[in-house]
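Below is one structure, written out as structure tokens; comments come after it.
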Amino acid sequence: MDITFDFTGRTVVVFGGTSGINYGIAEAFGRCGARVAIASRRPANVDAALERLRGQGVTALGRAADVRDSAAVDAVFDEVDAQWGAIDVLVSGAAGNFLVEGHRLSSNGFKTVVDIDLFGTFHVLQQGFAHLAPGASVINISAPQAYVPMRYQVHVGAAKAGVDQLTRVLALEWAAYGFRVNAISPGPIEDTDGLVRLSPDGDPGGSTALKHAPLGRLGTRHDVAQLALFLASSGASYISGAVIPCDGGGAIDSVKPAIEEAGRAMDGQPAR
């Protein structure tokens, strides 16, 4: 059974929305009639994503912004508000990741990931609060590393655990204003930069994750986007403070083995 969503006349803002999972979310909302604003650090990526969205008939605007810069994030909201008014759906998805053992991770490397993933999410939600429409839905993009310990991912685990708790606490606080706050925790998603970065060299298609996937396939951007559409819809009107996996049941069985095998390969260790 297919579910049809209609976001005609709604305004959606997606941070990190120029590529991968986040672009898929932006595209899905646009196809469902929403006005879509995207923000990302590199201007060229913003321009390219806008061209693709507008080529599909989506009403879209974009702005370069680094989520580590609170003022830059605020400028995105000011532009959206000036053109379209209050925001109905806010997605915070900017993230950084790389493979490294904890004792080899520099303080700056740890800080960079925490600044992008955790502080970036905080900046997006903090600055976005005043621009949210009544009944708005906020969706953060988390990761299984937040609750499944994985070698080579101490920085991401710490950052995403913070994102999950940020989601839960703000769901409590913002309920009084009529806003819902949830998070999606994607597993291995095909055709994304994240899958390539976190797979062993020579395995850009994610076959290592695939061989452990309980459902026998990798996730798709469409899978994640459908969950985002649901969480923003009236069908999820009593769902808030949830961190929902979109990993085919494989947070432990597919995500963890693939990442750890990639890390061992990087270190010149044999696969297990």
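The set of residues in the range 159-218 being at pLDDT 90 or above and of a type in the set (Ser, Thr, Tyr) consists of THR167, TYR177, SER185.
Residues satisfying the criterion are present in the range 19-34 (criterion: in contact with a His (Cβ under 9 Å, 6 or more places away or on another chain) and of a type in the set (A, V, I, L, M, F, W, C)).
Could you tell me whether the range 88-96 includes any residue that is polar (S, T, N, Q), modelled with pLDDT of 95 or more and crowded, with 23+ Cβ neighbours inside 10 Å? Explain how you work it out, then say what you get.
First, the residues of the range 88-96 that are polar (S, T, N, Q): 92.
Narrowing the set further to residues that are modelled with pLDDT of 95 or more leaves 92.
After this cut, where a residue has to be crowded, with 23+ Cβ neighbours inside 10 Å as well, the list is 92.
Among the residues of the range 88-96, at least one is polar (S, T, N, Q), modelled with pLDDT of 95 or more and crowded, with 23+ Cβ neighbours inside 10 Å, which makes the answer yes.
Taking each residue of the range 92-121 that is farther than 16 Å from ARG41 by Cα and looking for partners that are among the polar types (S, T, N, Q) with beta-carbon atoms closer than 8 Å, six or more apart or interchain, yields LEU99/GLN153.
The residue of the range 11-26 that is surrounded by the most Cβ atoms within 10 Å (Cβ to Cβ), among those that are in contact with a Phe, Trp or Tyr (Cβ under 8 Å, 6 or more places away or on another chain) and of a type outside the set (Val, Ile, Thr), is GLY17.
For the range 211-263, the set of residues classified as over 30 Å from THR8 (Cα atoms) and of a type in the set (A, V, I, L, M) consists of ALA213, LEU215, LEU218, ALA251, ILE252, VAL255, ALA258, ILE259, ALA262, listed by residue number.
For the range 154-163, enumerate the residues that are closer than 15 Å to ILE141 by Cα and surrounded by fewer than 19 Cβ atoms within 10 Å (Cβ to Cβ). Write out each step before concluding.
Step one: of the range 154-163, the residues closer than 15 Å to ILE141 by Cα are 156-163.
Residues satisfying the conditions are ALA158, ALA161, GLY162.
Taken over the range 260-272, residues that are part of a helix (DSSP H, G or I) and surrounded by fewer than 16 Cβ atoms within 10 Å (Cβ to Cβ) amount to 1. Just for the range 228-259: of the residues that are in a loop (DSSP other than H, G, I, E, B), at pLDDT 95 or above and small (Gly, Ala, Ser), which one is surrounded by the fewest Cβ atoms within 10 Å (Cβ to Cβ)? Of everything passing the filter in the range 228-259, SER237 is surrounded by the fewest Cβ atoms within 10 Å (Cβ to Cβ). No other residue among GLY102, GLY85, GLY55 is farther than 26 Å from THR167 by Cβ, surrounded by fewer than 19 Cβ atoms within 10 Å (Cβ to Cβ) and either modelled with pLDDT of 95 or more or touching a Gly at 6+ places or on another chain (Cβ under 8 Å) (or both) apart from GLY55.
The residue list PHE29, PHE7 contains one member that is over 30 Å from HIS155 (Cα atoms), surrounded by 20 or more Cβ atoms within 10 Å (Cβ to Cβ) and touching a Cys at 6+ places or on another chain (Cβ under 9 Å), which is PHE7. Restricting attention to the range 128-151, does a residue exist that is without any contact (Cβ under 8 Å) to a residue 12 or more places away in the chain and either in contact with a Ser or Thr (Cβ under 9 Å, 6 or more places away or on another chain) or charged (D, E, K, R) (or both)? Checking the range 128-151: not a single residue is without any contact (Cβ under 8 Å) to a residue 12 or more places away in the chain and either in contact with a Ser or Thr (Cβ under 9 Å, 6 or more places away or on another chain) or charged (D, E, K, R) (or both).
The values are calculated or read from the model by the stated rules, or taken from the named source; none is laboratory data. Predicted, not measured: the structure shown is a model, and the values here were computed from it. Please note: Cβ atoms are built from the backbone with ideal geometry, for glycine as well, and neighbour counts cover all protein chains shown.
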